[in-house]
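Taking it in order: structure first as structure tokens, then the write-up.
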Amino acid sequence: MKAIEIENQLREVVSRLITEVDLATSQGRLDVNLVSEDAWIPILRDVFRCPSLINLNKKQKNFPGIDLGDEQDRVAFQITASTDLKKVKKTLSQFREKNYKSSFDELYILTLTRKQSSYSQDAIDKETLGEFLFSAKKNIIDPGDILQRITAMRLGAQERLLNEFRVILGDIKDRLASYE
């Protein structure tokens, strides 16, 4: 019974998070992206097993093309409220042009709201030029995808990550309220 309760709470907090980001973005409040970069780190560390994940924008101001990275496990993330193919292509182009493949084997684009139902793999392949692998189905993720991975984890991990989602939701609300 407790597992179902935790899953229900996870689903509720993730749907509230998606709604908060979606509404903030529709109001032109793009500062939600900056709040989200740090807030998602503990969740992505657990879900993707990359304990050395850091905010690259703190390493170098306005780090181009990607936001989070774990150079030890060679995983990078772009965190964005934008879900369109144009943003995906721009991220891939920067990843290729900056030669990030020398530091990262995997790139994920985390959309903070529900991602599009599909993306053109042909358009993506034209951006990567075969220099690195990037699958629209695997590497473009959203909070729903993260939730799916979390519900496959042990109950203790689910509870810990539920608390992290609550922190994210609180951080976003507090940050947006401070700008009013």
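The values are calculated or read from the model by the stated rules, or taken from the named source; none is laboratory data. All values reported here derive from a predicted model rather than from experimental measurement. Positions of Cβ are generated from backbone atoms using ideal geometry, with glycine treated the same way; all protein chains shown enter the neighbour counts. Protein only, heavy atoms only, side chains kept; ligands, DNA and RNA dropped before computing areas. Shrake-Rupley method; radii C 1.70, N 1.55, O 1.52, S 1.80 Å.
Taken one residue at a time, the phi angles of segment 88-104 give Karplus couplings (6.51, -1.76, 1.60, θ = phi - 60°) of 4, 4, 4, 4, 5, 4, 5, 4, 6, 5, 8, 6, 5, 4, 6, 10, 9 Hz. Gly and Pro are set to x. When DSSP beta bridges are restricted to pairs lying wholly in the chain, around 40% turn out antiparallel. Between L133 and S118, residue separation times 0.36 nm minus the direct Cα-Cα distance comes to 3.6 nm. Starting from the Cα of K89, draw a straight line to each of the aspartates and glutamates and keep only those under 13 Å, dropping any in the same chain fewer than 8 residues away. Once the sequence-local aspartates and glutamates are set aside, what remains near K89 is E97, D122, D125, E127.
In the structure shown, the pairs K115/K138; K58/K87; K87/K138; K90/K126; K61/K138 are assessed against 20 Å; a Cα-Cα span above that value is assigned to K58/K87; K61/K138.
Checking the a/c ratio against 1.5 first, then a/b against b/c, what shape does the Cα gyration tensor give for segment 1-80? Walk me through the numbers on the way to the answer.
Numbers: a/c = 3.46, a/b = 1.24, b/c = 2.80.
In terms of gyration-tensor shape, oblate.
Helix 2-26 against the longest principal axis of the chain: what's the angle in degrees, Cα atoms only, rounded to the nearest 10? The answer is roughly 60 degrees.
Solvent-accessible area per residue in the chain equals 53 Å², computed with a 1.4 angstrom probe and all protein chains kept. In the chain, a dipole from Cβ-located charges (positive for Lys and Arg, negative for Asp and Glu) runs towards its positive end, and of N62, G170, F134 it is F134 whose Cα lies farthest in that direction.
Entry note: the chain has Rg to Rh equal to 0.96, where both radii use alpha-carbon atoms and Rh is the Kirkwood radius.
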